[in-house]
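S.K.: This structure is in structure tokens; I'll ask about it shortly.
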Amino acid sequence: MKRSLGRSIVWICMLHSALWGISYHWDVTQSPTSLRVGQSGVIRYTCTFDGSAVEYSTKLKLSDSPQYTTSVLSQKTNVLDGKRRDTIDVLITPRASGVLSVSMRAIVRYTSPGAVENTVLGRDNLSREDISETETILPSVTVRTEQNSAALTGNITMEAHVDQTTVSAHEPVHLSVVIRGSGNLEQFVPFELNISGVRVFSEPPQKLLSPSSDGVEGEIRQEFALVADKAYVIPALTLSVFDTLHNRPVTLKSEAIPIEVKEGYDPASLLDAPDLSDRATLKRYAYNTGWIVVGIVLTEISRWLWKKRPRRKIRAFWEGVKTSKELVLILSLSGNKEYEPIIAELEAGRILLGEAKKKLDRLSTDKKVTL
């Protein structure tokens, strides 16, 4: 079997890179020493190369466990003094208390210079021989985790407000509950309201969240509509939070909101018959009835006048003709074949000028000639 010179050169370059290529090393430049269950922290890994290392790329292998979860928060590359440095921020969130030993792996990929050049030029001829991968065990990180019974963890605030505090019976009151800050807001459990004598309508919480070093940050909004026919009080809402800013558990609590409900319309009263024994009521009904009669009379008069209005009659071109010969000449010059029977009758002397004009009038309305 004949060996390929090009493939042999690629293998020699790869062997040369493995033996004499650019060296690199991984470090942990930032990590939390202690966390609460549900509290997120950032572990920062850096990979430093001896040169620009354009042929190299790094990728972290995330590994979750029953004790914690991980996710990549950010990854960036910069070159300082001719040396490349990859920085990867990993978000770790403990699931259980105790001492966590976080040990992760990374893959360093080397692509031969020729393959890199082909990729830049848009050539799709990359093969397995052009790429080599090395798996590296990253420095381990130890994190002490403490118990946490709070519903949420982070730097979080809560507020509740209504659009109005005085309404009519059966008129809805809109309650808005807004939770803002950073932490594990994705773990928020929606509030449930149960107020005696009040019908409660609610929508699923609207979440506007984005990744952050505390987990996520943003806003959660939950809307309610409350309907009642008597006065009631919206109870204070409470939310247990572990405040990471002051490192202590707190309870966020809204104020109780009293709602005044005024008496609305009684449906039964809207169907009551009017009191005809009252002179003022009779006078008002007679007044309204009189205006209705006047309106009907004016409408009928307007319709009659419209029918009797003078209408402008369209003058036909033959009405000013004085003799039969003149009429024959005008009809012949018009070129309309519908006039030919009338022309023939006039020339034969079977009809006179007046009768011919009557036939022309009927022709203009019926679109036909009756002989």
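The values are calculated or read from the model by the stated rules, or taken from the named source; none is laboratory data. Model, not experiment: these values are computed from the prediction. So basically every Cβ, Gly included, is an ideal-geometry build from the backbone, and we count neighbours across all protein chains shown. Areas reflect the complete protein model, heavy atoms only, side chains present, ligands, DNA and RNA absent. Shrake-Rupley method; radii C 1.70, N 1.55, O 1.52, S 1.80 Å.
S.K.: Which residues, counting only those in region 162-181, are touching a residue at least 60 places away in the same chain (Cβ under 8 Å), surrounded by fewer than 21 Cβ atoms within 10 Å (Cβ to Cβ) and in contact with a strand residue (DSSP E or B) (Cβ under 7 Å, 6 or more places away or on another chain)?
M.R.: 162, 165, 166, 167, 168, 169, 170
S.K.: Here's a follow-up. So is residue 186 within 24 Å of residue 149 (Cβ to Cβ), out of contact with any Pro (no Cβ under 9 Å at 6 or more places or on another chain) and in a strand (DSSP E or B) or not?
M.R.: When the stated conditions are applied, residue 186 does not pass them.
S.K.: Pairs, please: C-beta under 6 Å, at least 6 apart or cross-chain, first residue more than 16 Å from residue 138 (Cβ to Cβ) and in region 45-71, second among the basic types (Lys, Arg) and part of a loop (DSSP other than H, G, I, E, B)?
M.R.: 67/95
S.K.: Can you tell me which residue is nearest to residue 238 (Cα to Cα) among those in region 158-172 that are in a strand (DSSP E or B) and touching a Leu at 6+ places or on another chain (Cβ under 7 Å)?
M.R.: My answer is 158.
S.K.: Moving to a separate point now. So, in region 215-251, exactly how many residues are in a strand (DSSP E or B), of a type outside the set (S, T, N, Q) and within 24 Å of residue 164 (Cβ to Cβ)?
M.R.: Number satisfying all stated conditions: 11.
Condition check ((1) more than 28 Å from residue 361 (Cα to Cα); (2) modelled with pLDDT of 85 or more; (3) not polar (S, T, N, Q)) across all residues:
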| residue | (1), (2), (3) |
| --- | --- |
| 280 | yes, no, yes |
| 292 | yes, yes, yes |
| 302 | yes, yes, no |
| 311 | no, no, yes |
| 317 | no, no, yes |
| 324 | no, no, no |
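S.K.: Could you identify the single residue in 125, 184 that is surrounded by 15 or more Cβ atoms within 10 Å (Cβ to Cβ) and either at pLDDT below 95 or not hydroxyl-bearing (Ser, Thr, Tyr) (or both)?
M.R.: Answer to the selection: 184.
S.K.: Return the total of residues in region 146-157 being surrounded by 14 or more Cβ atoms within 10 Å (Cβ to Cβ) and in a strand (DSSP E or B).
M.R.: 5
S.K.: Oh, and also: Could you please find all residues in region 130-145 being part of a strand (DSSP E or B) and open to solvent by 60 Å² or more (accessible area, probe 1.4 Å)?
M.R.: Of everything in region 130-145, those that are part of a strand (DSSP E or B) and open to solvent by 60 Å² or more (accessible area, probe 1.4 Å) turn out to be 133, 134, 135, 137, 142, 144.
S.K.: Can you pull out the residues in region 191-218 that are loosely packed, with under 15 Cβ neighbours inside 10 Å and under 18 Å from residue 154 (Cβ atoms)?
M.R.: Those that are loosely packed, with under 15 Cβ neighbours inside 10 Å and under 18 Å from residue 154 (Cβ atoms): 208, 210, 213.
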